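A quick write-up on the structure given underneath.
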Amino acid sequence: MATAPHHVMLRRGGYDDLDAVMVVMERAFDPHYGEAWTRSQCAGILPMLGVSLVLAEDGPTLIGFSLHRTISDEAELMLLAVDPTAQGRGIGRMLLDQFADECGEKGAHRLHLEVRDGNPATHFYEAAGYCVAGRRRRYYCGDEGDRLDALTYVKNI
């Protein structure tokens, strides 16, 4: 698929990769906010039409992934995670750019994603040209019962 600096390669993923995906997800998402998906949620969406799992690997080691879907002329980034030990190397941006490129090739003209309000990733998405389009009040449930808003972002391509 694509090559990034530092010999990072992107490739398609599938069911056989879910154990490694879950390790990255558990390391990348703070459990307090309830943002990470379960293995069964990931496995359940993989066979759906238009869904893609993309893996970022440094040699044999999975260091990041994205999960997205394209439906008609729109696409949604459902998950994007980079292992904390690999952050700051441009891998998240590489996965985000691959998402836009692939979905554009499939005919998407509008990209969507959501992120917890207050998540430092909001700056990452805004720097990539995504704009806040809405707010889902009390969308995430923290582990202490606190309810947190989600921001919805869009980008036209």
Within the accessible area of the chain (1.4 Å probe), percent carbon and sulfur: 51 percent
Tail weight of P(r) past 17 Å, computed on alpha-carbon pairs of segment 1-77, percent: 49 percent
In segment 112-157, the GluC sites (Glu not before Pro) that fall in loop regions by DSSP, at most 11 other Cβ within 10 Å: Glu144
Ratio of the Cα radius of gyration of segment 70-156 to 2.2 N^0.38 Å, where N counts its residues: 1.14
Principal axes of segment 58-113: Cα extent on each, largest first, Å: 35, 18, 17
Residue-normalised accessible area of the chain, expressed per residue, 1.4 Å probe, Å²: 52 Å²
Area projected by the alpha carbon convex hull of segment 111-157, averaged over all directions, nm²: 3.2 nm²
Whole-angstrom gap from segment 103-128 to segment 8-25, using each part's C-alpha centre: 20 Å
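The values are calculated or read from the model by the stated rules, or taken from the named source; none is laboratory data. This is a predicted model, so every value here is computed, not measured. Glycine also receives a Cβ, built like all others from the backbone with ideal geometry; neighbour counts cover every protein chain displayed. Ligands, DNA and RNA are stripped out before the accessible areas are found, and what is left, the full protein with its side chains, is counted by its heavy atoms. Shrake-Rupley method; radii C 1.70, N 1.55, O 1.52, S 1.80 Å.
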